[in-house]
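Structure, as structure tokens:
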């Protein structure tokens with residue numbers, strides 16, 4: 001069975017974010033970019049499903065600039081079969097991204113489309129469900145494990161205090177979160193093989209974003225801590241402040 | 001035992017060398033770096049104090065493809081260029097010199113000679129299984145009385161009616177006790193005849209072959225160092241590596257291994273520098289971080305300078321190796337300079353860490369102790385000095 005995995009290139013989660021001069025984005029100088037970790041779970045899930053089926057291909061799709069090619073090659077090195085780079089601008093509007101990706105996926109014979117539950121940079125959780133709507137397919141979000149069984153896909157979701165099991169008819173869209181799919185390391189042979197795998201670059205369809213970022217700010221500095229005293233004598237005052245001022249007791 | 005969990009290592013790259021590496025080279029490095037971070041650093045301190053090599057990492061190294069990574073894909077290897085191979089050695093030694101030694105021996109001293117001097121049957125039989133880590137190899141050249149002077153070796157191989165008879169002792173053999181196969185160098189002619197030295201592929205389960213763990217080490221504790229004894233070991237005729245024709249063959253192997261060590265030293269130094277920098281910033285003394293004191297800043301400045309110089313040497317050496325223009329003397333310079341650099345950086349890092357620096361919870365003293373072996377093996381620092389001396393003066397001092 002063919003599976004499409006949608007990836008996003010994001011700043012490394014260890015990045016110390018600085019706001020750019022316009023105040024609407026982040027400084028990109030010196031920032032290391034990686035595949036969004038949730039997308040790595042999705043890719044791992046896809047690779048295991050392909051291995052279980054023993055047939056089919058895993059295709060990667062991303063919307064971004066030429067630098068996203070590196071992220072796609074990382075995915076190819078992990079074991080995906082081919083990749084498509086939709087050359088275009090990533091906006092904060094999840095619907096614009098979903099429409100651009102849908103235009104590519106509509107023409108592909110792939111009953112299963114996987115994405116990370118959210119991008120590690122903007123945390124919006126929009127693209128997956130919106131893509132499902134644009135494609136007119138059912139969607140399960142926050143899936144921790146799935147299995148294709150004939151014409152359906154069974155999904156497990158973790159809910160408050162329990163597990164929810166869903167069954168969706170194929171074709172379907174799933175967004176994957178941390179669970180069963182600890183991503184594999186790209187093997188060094190895989191890295192070499194990735195160079196020979198097809199990576200197609202095409203222009204993304206133009207979609208006018210309906211959402212713009214007005215302002216981006218770092219959280220205010222935390223107020224400095226306060227020492228209320230030392231030793232056992234300070235405890236009553238500490239308890240009083242925790243109760244009356246901080247209201248945590 | 002608690003170990004410090006530091007922020008994810010981002011590399012030391014003061015001169016933006018990343019821009020010189022290809023995307024694949026960076027991807028290889030980052031993959032091995034992540035693996036070392038996830039799998040090696042959490043266990044290596046414990047393994048070190050327990051004096052064990054973490055053998056469960058071997059199949060993982062095989063799966064990643066780090067063993068003999070610069071050998072061709074047709075033998076189950078990754079087929080990487082030598083710069084990528086060097087970066088692998090760097091990252092492994094950021095974990096521990098014992099881990100890098102394992103990979104150096106397996107790749108450069110066992111797989112390389114089988115590939116370069118072995119028969120096609122020997123290649124087919126051993127290389128894929130050594131690449132996957134299913135089989136472990138060791139390299140027997142050094143003897144108790146012939147270290148820096150291997151030409152004088154007294155391990156002999158005598159022709160018999162249907163094969164070879166080997167006798168002798170090999171010492172300081174990394175992987176010796178756990179090896180499935182040993183590449184053994186032995187004298188087939190008169191003692192002292194450099195052209196009589198030939199290489200043999202010896203399965204370690206043959207009668208008369210034994211290995212003894214080297215006791216009492218204070219360095220490379222997370223590594224198997226052994227003595228090999230060959231007592232009337234009978235081998236079939238095809239145990240000989242047919243393309244070996246003298247001492248130059250094991251020396252070619254050493255050039256491969258020393259090349260990797262020149263990169264490995266950088267990895268160990270990076271680990272120590274990063275640890276010292278982080279500690280210096282967080283350790284408060286006299287109401288401020290010790291990294292704000294001039295004496296520690298001099299230390300850190302020296303470290304980052306030396307690491308950067310070593311990186312440039314290794315980088316260019318690697319490009320020359322890939323071009324086919326690298327000479328063994330250039331490898332001598334890099335091994336000598338970069339390991340010496342790593343020794344200095346490790347010692348200064350340990351000192352910056354103060355009393356904490358003597359604990360296994362920190363990596364610097366472990367690296368410092370390991371690097372004394374690295375300084376001494378694969379051509380001692382002093383012998384490399386003499387090689388360089390001979391190269392520039394035209395006069396051999398040994």
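The values are calculated or read from the model by the stated rules, or taken from the named source; none is laboratory data. Everything numeric in this text was worked out from a predicted model, so none of it was measured. Cβ coordinates were reconstructed from backbone atoms using ideal geometry, including for glycine residues, and neighbour counts include every protein chain displayed.
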Subset of region B:49-61 that is under 17 Å from the mean Cα position of the chain (by Cα) and either part of a helix (DSSP H, G or I) or within 15 Å of residue B:363 (Cα to Cα) (or both) - its residue that is farthest from the other protein chains (Cβ to nearest Cβ): B:58
Criterion violated by residue A:213 - all others in (1) within 20 Å of residue A:42 (Cα to Cα); (2) away from every other protein chain (no Cβ under 14 Å) satisfied: (1)
Condition check: in a helix (DSSP H, G or I) and either at pLDDT below 95 or crowded, with 23+ Cβ neighbours inside 10 Å (or both). Does residue B:349 satisfy that? yes
Of the residues A:28, A:62, A:91, A:15, which single one is outside any helix (DSSP H, G or I), without any contact (Cβ under 8 Å) to a residue 24 or more places away in the chain and surrounded by 15 or more Cβ atoms within 10 Å (Cβ to Cβ)? A:15
Which pairs do you get when a residue that is without any contact (Cβ under 8 Å) to a residue 12 or more places away in the chain and within 9 Å of chain B (Cβ to nearest Cβ), found in region A:178-195, comes within reach of a residue that is surrounded by fewer than 20 Cβ atoms within 10 Å (Cβ to Cβ) and assigned to a loop (DSSP other than H, G, I, E, B), reach meaning Cβ atoms under 7 angstrom, with the pair 6+ apart or on two chains? A:192/B:79
Among what's in region A:213-249 and is surrounded by 10 or more Cβ atoms within 10 Å (Cβ to Cβ) and touching a residue at least 40 places away in the same chain (Cβ under 8 Å), pick the residue that is nearest to residue A:23 (Cα to Cα). A:216
What number of residues within region A:67-87 satisfy the criterion of being part of a loop (DSSP other than H, G, I, E, B) and crowded, with 19+ Cβ neighbours inside 10 Å? 2
